[in-house]
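To keep things clear, I will list the structure first and then write my remarks on it.
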Amino acid sequence: MNRSVLPRPDLERPALLDVHNVSRLYGPDKGCQEINFRLHAGEVLGIVGESGSGKSTLLRVLAGLEAPDAGHVAYHSANDDTLDLYAISEARRRALLRLEWGLIHQNPRDGLRMGVSAGANIGERLMALGQRHYGQLRAAGQDWMGQVELDPGRIDDAPRTFSGGMQQRLQIARTLVTRPRLVFMDEPTGGLDVSVQARLLDMIRTLVRQLGLSVVLVTHDLAVARLLSHRLLVMRRSRVVEAGLTDQILDDPQHAYTQLLVSSVLTP
Amino acid sequence: MNALLTVENLHKGFVLHGQGGTALEVMHDLSLELRAGECLVLAGRSGIGKSTLLKMLYGNYLARRGSIRLHFSDGPLELTDLPAHAWHPLRRDVIGYVSQFLRVVPRVSAVEVVMEPLLARGADAWDARTKAETLLSRLNLPERLWQLPPGTFSGGEQQRVNIARGFIGEHPLLLLDEPTASLDAANRAEVVALIHEAKARGTAMLGIFHDEDVRSQVADRLLPLDDHLMAKTTHFPGQPS
Ligand SMILES: Nc1ncnc2c1ncn2[C@@H]1O[C@H](COP(=O)(O)OP(=O)(O)OP(=O)(O)O)[C@@H](O)[C@H]1O
Ligand SMILES: Nc1ncnc2c1ncn2[C@@H]1O[C@H](COP(=O)(O)OP(=O)(O)OP(=O)(O)O)[C@@H](O)[C@H]1O
Ligand SMILES: [Mg+2]
Ligand SMILES: [Mg+2]
């Protein structure tokens, strides 16, 4: 008898983040609690759930911006160290955000410096990595403006002269220019009109694939979650009630709350 | 040849929490085997659970009980308890799926929709484009549509994009959910040809085809799902290899 000739694909990827029993509560069931998961390299993990369920709180804890009351977050860094995020110094955490991570805020005003030029916004994170060559910084600025479909001719304009959708694309360029290993996004397409949203989503999808990014994405929009994420966590009242493969969670939800969430939208 | 896929005593039900916890039993004790280079066709009335079975094999639906195993050269892999992060590489490299309807992604052109499974494996973009265009032209999709997002395409045009996307990756296991449903005779014949070519390179296929004519041209065996929720498969005539 022949045996199967099908080679086994490599199904494992290195871990990037390990989240152990993390809780951060502002009041009973307000915030996040007892959160456990592992994020692998190259994965896009979506966090969905109703308003106030604790998505942004969890994201802030993961991104080193808010210490948990309990539990810990382990980050496996580029040089193979495992860092306990809240055991290292504040300065070290900030350095991670600057050097290895990226953070995309829902409101581009929180992620951009509105008064300085678009080019300077993009160049700033490169300079933090040690690049000083003016011509190269400018070239990178123009290149990235092109990648997010902004007119490179506007490199000297300040973001406050841009529309909301343009500002959001600039924020993405500014964040991704350093090719971060891990990107945190909080409602990256919230507050934009539908056609601008579609364009931005397509852009994020392409960049994630081309740069092999690992992403933690917070969104209340299940269609956005379906389009971008490989896996989902469903949160309700500070807890994860269901976790799994994105299309399994959306098409065959097991938990009563997830079923309600999925059935309340037209076509997630 | 041994089986590439074995399904044993598979059960599936849905609990509808929104409707007082109504339990819907869809599949009871289904078993099947599928070998490389073989096309097994699922049959049975509408609502019997054909699509549900394909979705369970693709990780899209959870199995309640039973086993789904893929057989690799170094041994079997159980899919019913595969962790979520492993499905992504498994779908990229091993299990392909042509859903009944294309899920349209805004702004992504037809040719890019078709290229995507190759790009996900890190293939060269030019190669991927060439292969995608070859498939789209075989399926007679007018060239003026290639660069447009399929959102505004007709049902049959969208389905041909979907078929091209499903076949381009040449996955060892391919699940086909009524790929010929809204196609005309010429395009149906093209899909039949694609299936025959896939068989020849050893692809194992599990498909649903309403069209009797297509079915008779592609099916090596039939798996009728009957009304007692009991799927009974015809057994292999134990061919020596
Ligand atoms: N700094 C804070 N001080 C007090 N309460 C807070 C604080 N931050 C968040 N909360 C509360 O914790 C709960 C979770 O808030 P969070 O912002 O994480 O929700 P969310 O899931 O992101 O919601 P949305 O989808 O509306 O953004 C809310 O009830 C919120 O009012
Ligand atoms: N996500 C779901 N939630 C609840 N019930 C479901 C779900 N998916 C399928 N079902 C039910 O399972 C049964 C089998 O559906 P399925 O789509 O597998 O049928 P089918 O044999 O493919 O039918 P058709 O030939 O009409 O496509 C149906 O009663 C259907 O309503
Ligand atoms: Mg929030
Ligand atoms: Mg069906």
Surrounding net charge for A:C32, when Lys and Arg each add one and Asp and Glu each subtract one, Cβ distance under 13 Å: +3
A:M114-A:E50 pseudo-label distance in nm [points 7 Å out on the Cα-to-Cβ vector]: 3.3
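What does the structure give for A:243-250 when I average, per residue, the other chain Cβ atoms found within 10 Å of the residue Cβ?
5
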Net charge, B:R188 excluded, C-beta distance under 12 Å - Lys, Arg +1, Asp, Glu -1: -4
Two-site label geometry, B:E197 and B:E8: point separation in nm, points 7 Å out along Cα→Cβ: 3.7
Segment B:154-178 residues near the modelled B:S137 label - backbone nitrogen below 11 Å, point 7 Å along Cα→Cβ: none
Averaged over B:89-97, number of beta-carbon atoms from partner chains that fall within 10 Å: 3
Extension gain from A:D251 to A:M127, taking 0.36 nm per residue of separation minus the Cα-Cα distance: 40.1 nm
Chain A shape via C-alpha gyration tensor axes, a/c threshold 1.5: rounded
Modelled FRET efficiency - R0 45 Å, B:L222 with B:D81, Cβ distances, 0.05 increments: 0.90
Label-point gap, in nm, between A:D80 and A:E12 - each point 7 angstrom along Cα→Cβ: 1.6
R0 of 41 Å, Cβ-Cβ distance A:Y134-A:E90: FRET efficiency to nearest 0.05: 0.85
Per-selection Rg to Rh, the protein assembly as shown - Cα, Kirkwood hydrodynamic radius: 0.99
Scattering profile of segment A:110-179 at q = 0.14, 0.19, 0.20, 0.27 Å⁻¹ [log10 I(q)/I(0), Debye over alpha-carbon scatterers]: -0.33, -0.61, -0.68, -1.29
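Counting pairs of alpha carbon atoms under 8 Å apart in space and at least six apart in sequence, what relative contact order in percent does chain A give?
With pairs under 8 Å counted, the relative contact order is 24 percent.
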Three-way shape label, segment A:180-246, alpha-carbon gyration tensor, a/c 1.5: oblate
Cα-based reach from B:K50 at 24 Å (exclusive), listing lysines while leaving out same-chain residues under 8 positions away: B:K12, B:K199, B:K232
Segment A:110-179 - percent relative contact order, Cα under 8 Å, separation 6 or more: 45
Reach of B:K131 by Cα under 13 Å, taken over aspartates and glutamates that are not fewer than 8 positions away in the same chain: B:E112, B:E116, B:E170
Of all DSSP beta bridges in the protein assembly as shown, antiparallel share, percent nearest 5: 55
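Computed from the coordinates by the stated procedures, all read-outs in this text should not be read as laboratory data. It should be emphasised that the depicted structure is a prediction, and the values quoted were computed from it without experimental measurement. Positions of Cβ are generated from backbone atoms using ideal geometry, with glycine treated the same way; all protein chains shown enter the neighbour counts.
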